[in-house]
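Peer 1: I have a structure I would like to understand better, so I am pasting it below and will then ask my questions one at a time.
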Amino acid sequence: MVCASIPAPAASSGGKKQKKKWSKGKVKDKANHAVVLDKATSDKLNKDVQSYRLITVAVLVDRLKINGSLARKALADLEERGVIRKVVAHSKGSIYTRAAAGGD
């Protein structure tokens, strides 16, 4: 009688739950940011940055479509010329603001 109960689970194993399908996920578009600062981007950088309140590498990358290393170099150059001033200096990133932002 014990043998008769053994095949029963094998017969019911065909009715298992379906395996969970993996989601395809979202495909992110490749960012085609500039690696060299051309004349148009340079002019836009010098003109627009003075109106930004918060200036970080990420802000420049997002708005000017330049890559991160170029944005860091541009920020260092702008600070050296006195266009912007550093607010927070951290190993992971710096935060700048416009130099003519009134006496904070």
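The values are calculated or read from the model by the stated rules, or taken from the named source; none is laboratory data. All figures in this text were calculated on a predicted structure; none of them were measured in a lab. Note: ideal-geometry Cβ built from the backbone for every residue, glycine included; neighbour counts use all protein chains shown.
Peer 1: Taking the range 89-104 only, how many residues are farther than 27 Å from K30 by Cα, surrounded by 12 or more Cβ atoms within 10 Å (Cβ to Cβ) and not hydroxyl-bearing (S, T, Y)?
Peer 2: Selection size over the range 89-104: 3.
Peer 1: What are the residue pairs meeting all of these: first residue in the range 64-85, first residue in contact (Cβ under 8 Å) with a residue 12 or more places away in the chain and part of a helix (DSSP H, G or I), second residue among the β-branched types (V, I, T) and exposed (fewer than 13 other Cβ atoms within 10 Å of the Cβ), Cβ atoms under 9 Å, and 6 or more apart or on different chains?
Peer 2: Note: pairs meeting the criteria are L70/V35; L70/V36.
Peer 1: State whether the residues of the range 28-38 include one that is outside any loop (DSSP other than H, G, I, E, B) and at pLDDT 75 or above. Don't jump to the end; show me each part of the working.
Peer 2: So the first thing to find is which residues in the range 28-38 are outside any loop (DSSP other than H, G, I, E, B), and the list is 34.
Checking the rest, the ones that are also at pLDDT 75 or above come to 34.
Yes - at least one qualifying residue is present in the range 28-38.
Peer 1: Among the candidates K86, K65, which residue alone is more than 27 Å from K30 (Cα to Cα) and surrounded by fewer than 16 Cβ atoms within 10 Å (Cβ to Cβ)?
Peer 2: On the way: K65 fails: more than 27 Å from K30 (Cα to Cα).
Result: K86 is the single residue among K86, K65 that is more than 27 Å from K30 (Cα to Cα) and surrounded by fewer than 16 Cβ atoms within 10 Å (Cβ to Cβ).
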